[in-house]
Each structure stands twice: as structure tokens, then as C-alpha cells.
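Comments concern the structure below.
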């Protein structure tokens, strides 16, 4: 199994630092705050990619516009279904790098094979373990989650930014300690709450945008229906 940090972690700064770029690999490393991948320079010959990676690392393939299969030598093909612009293919694990360090990937594209500049990343498990251990050591000591709320207990004196590992979409409101709920901030696209060292809890609540307005409109419609129905009943009785 792949180790994961707590649902709520504490980061030292308000914005993630790490490698530049918009690839899935770069985004992951920025959110982890650590370099966990090796990026080979794959050579493409026809429908084959060849490269070298650390033995024992895990080969991940990322090509958001790619539709077809990709198979690491000796492993079963993995299906990717990119259909831009509506659907982008997610990252996929192809297998483990052999002792030789040789990476050979057979492509089975359906149509034109569009690959990004860095389609292959080799995940070094020891680096990931170290990053997760660090985030766990400074992260929430306890997390309680319900259908629409998350409450986390933090180590005393935590400063920086508490990060909830869910996308920061409209409707999230958060607070540190006893402060009033406010629209959540963002940390690399995730829900974030500033910490000043005085709060040892963080509370976040989600309400879909427009719910309050929708409820008010619904109530008004019901009142209108009732109001217009009363005269009808009165006339029917007469």
C-alpha cells in the first residue's frame, strides 16, 4: 500500500513551494513539499518509450490527452482514456523498475499519441515515506469528519497553514480555534486555514453554493402556492 499523510496537515508557509510546471508530477511534489520522483528523459522510437530509472522505483505514466494503452515490459497493459478537452486521462502506475534500471514502455495509441514533455515519472518509495512521515509528525493528531464538516485537533503551537486534503471549491468555510467561520483559503487547490500558533483546532464546514438562496426561493414559492390556494378553497366552499 502507498502511505498517505493525515487528512489535515500543517505547512510552514501560505503557498506551496517546489518544482515549477503544471504537470501532475510537479503538482504532487508541491503539495507534498518534497521531491519524490525521478524524471528520466525517455527516448521515443515509434510506439516505444525507453528510459532509465532507479531500480525498485515505481513507473508512473502521465499523458492527459492520450487514449490507448501503455505497458511496462513484462507487465499487463494499462488503459488510458483521454478525450480532450472534456476528459483528461489520469496518471497510471505501470509497474516496478527492474534491477537493471531499464524502463521500456510499449504504447498502443488509438489515433495520434500526444505526450507531454515529461510523460514518465519514477516514484522513489523511500522519499515518499520520508515526506509522509514529516507531514504526519506535524499534522493533525485527531480528525473527526461528518457528511459536511471536518474538525481537526492540531499539535499545540502550530503555525503556518492547516491544509485539508479536499479541493477548495465554493462553499467551504473554515476557522481556527473559536474564530468565526470564513470562506476557506486555498493551498495548491486544497482547502487552507491560516494558523497563528494560538489555536489547537480547525473546523471546516461545507454548504453547496446557493443552498440558502435556493431554500428561500423554495419557501417563497410554497407561501405563494398556499396564498393562491386559499381563495380557491373559499370560492369552492361558497
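Quick note: the coordinates plus some simple rules give every number you see, no bench work behind them. Everything numeric here is computed off the predicted structure, so don't read it as measured data.
In table form, for the structure just shown:
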quantity	calculated
The stretch 37-123 shape via C-alpha gyration tensor axes, a/c threshold 1.5	prolate
Label of the coordinate-derived value, mean projected area of the Cα convex hull in nm², listed as [x] 19.7; [y] 16.2; [z] 14.6	[x]
Alpha-carbon centroids, the stretch 6-31 and the stretch 116-154: separation in whole Å	10
Degrees between helix 211-237 axis and first principal axis of the chain (Cα, 0 to 90, nearest 10)	40
Helix-only [θ]222 nm of the chain, DSSP H runs n ≥ 4, -39500 (n - 2.57) each, per residue, nearest 500	-7000 deg cm²/dmol
Helix 125-138 vs. the chain, principal-axis angle (Cα, 0 to 90°, nearest 10)	30
